[in-house]
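Enquirer: Sharing a structure below in C-alpha cells format, with a few things to ask.
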Amino acid sequence: MNDIMDKLCRLLEERRDGDPSSSYVASLHAAGLNKILEKVGEETTETIIAAKDAATSGDLAELVQETADLWFHTMVMLGHLNASPLDVLEELERRLGTSGLTEKAARTK
C-alpha cells in the first residue's frame, strides 16, 4: 500500500504547480485553501451518504469510490499546507497498539 501512496504523493507534488487549465490538482491549488476545503467537505458528505446507502443495499462500490475521492482531496489539502499524507501514515503507525480511548484521553486540546 505504501507504494501506491508514494506514487500518488509524487504525482500530487508534480502537478501542484502545473497549469491549472490542464491539471485538476493545479486548479485546486490555484483556487486556494477555501476551495480545497470546500471539496473535502463535499466529499465527506458524499462518503457519509454512500455509507448509509451501502448499509441498506450491501453494495460497497459507491462507498469505495467516494472514500477514494475524500482521501484524494484530503491529500491535496495536506499538500497545500505543506504536509504529507506520509505524515498521517506515520501518526497512524505511532498509534498502533494503543487503545483509541487511551490515545484520545492523552491528547492535548
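The values are calculated or read from the model by the stated rules, or taken from the named source; none is laboratory data. On a predicted model such as this, the values are computed, not experimentally measured, just so you know. A quick note on method: Cβ atoms are made from the backbone with ideal geometry, for glycine too, and the neighbour counts reach across all protein chains shown. Each accessible area value is taken on the protein alone, full model and side chains, heavy atoms only, with ligands, DNA and RNA left out. Shrake-Rupley method; radii C 1.70, N 1.55, O 1.52, S 1.80 Å.
Enquirer: Can you work out which of the residues in segment 74-89 that are part of a loop (DSSP other than H, G, I, E, B) and either in contact with a strand residue (DSSP E or B) (Cβ under 9 Å, 6 or more places away or on another chain) or open to solvent by less than 60 Å² (accessible area, probe 1.4 Å) (or both) is modelled with the lowest pLDDT? Before you say what the answer is, go through the steps one by one.
Expert: Quick first cut of segment 74-89, residues part of a loop (DSSP other than H, G, I, E, B) only: 81-84.
Next, only the ones that are either in contact with a strand residue (DSSP E or B) (Cβ under 9 Å, 6 or more places away or on another chain) or open to solvent by less than 60 Å² (accessible area, probe 1.4 Å) (or both) stay: 83-84.
Numbers: 83: 95, 84: 90.
So the residue we want is 84.
Enquirer: Determine whether residue 36 is under 18 Å from residue 80 (Cα atoms) and hydrophobic (A, V, I, L, M, F, W, C).
Expert: Values: under 18 Å from residue 80 (Cα atoms): yes; hydrophobic (A, V, I, L, M, F, W, C): yes.
Criteria met by residue 36.
Enquirer: In segment 64-72, is there at least one residue being over 21 Å from residue 14 (Cα atoms), at pLDDT 95 or above and open to solvent by 50 Å² or more (accessible area, probe 1.4 Å)? So that I can check it myself, show each step before the final result.
Expert: Our first condition is that a residue be over 21 Å from residue 14 (Cα atoms); within segment 64-72, this holds for 64-67.
With at pLDDT 95 or above added as a condition, the list becomes 64-67.
Restricting the remaining residues to those that are open to solvent by 50 Å² or more (accessible area, probe 1.4 Å) gives 64-65.
Yes, segment 64-72 contains at least one residue that is over 21 Å from residue 14 (Cα atoms), at pLDDT 95 or above and open to solvent by 50 Å² or more (accessible area, probe 1.4 Å).
Enquirer: Within the group 36, 49, which residue is more than 25 Å from residue 2 (Cα to Cα), of a type in the set (A, V, I, L, M) and either assigned to a helix (DSSP H, G or I) or open to solvent by less than 40 Å² (accessible area, probe 1.4 Å) (or both)?
Expert: After ruling out the rest, the residue left standing is 49.
Enquirer: May I ask you to say which residue of 92, 11 is part of a helix (DSSP H, G or I) and open to solvent by less than 70 Å² (accessible area, probe 1.4 Å)?
Expert: Values: 92 fails: open to solvent by less than 70 Å² (accessible area, probe 1.4 Å).
That would be 11, the only listed residue that is part of a helix (DSSP H, G or I) and open to solvent by less than 70 Å² (accessible area, probe 1.4 Å).
Enquirer: Given the criterion over 20 Å from residue 14 (Cα atoms), without any contact (Cβ under 8 Å) to a residue 12 or more places away in the chain, hydrophobic (A, V, I, L, M, F, W, C) and out of contact with any Lys or Arg (no Cβ under 7 Å at 6 or more places or on another chain), identify the matching residue among 60, 78, 89.
Expert: Numbers: 78 fails: over 20 Å from residue 14 (Cα atoms); 89 fails: without any contact (Cβ under 8 Å) to a residue 12 or more places away in the chain.
Just a single option satisfies the conditions, and that option is 60.
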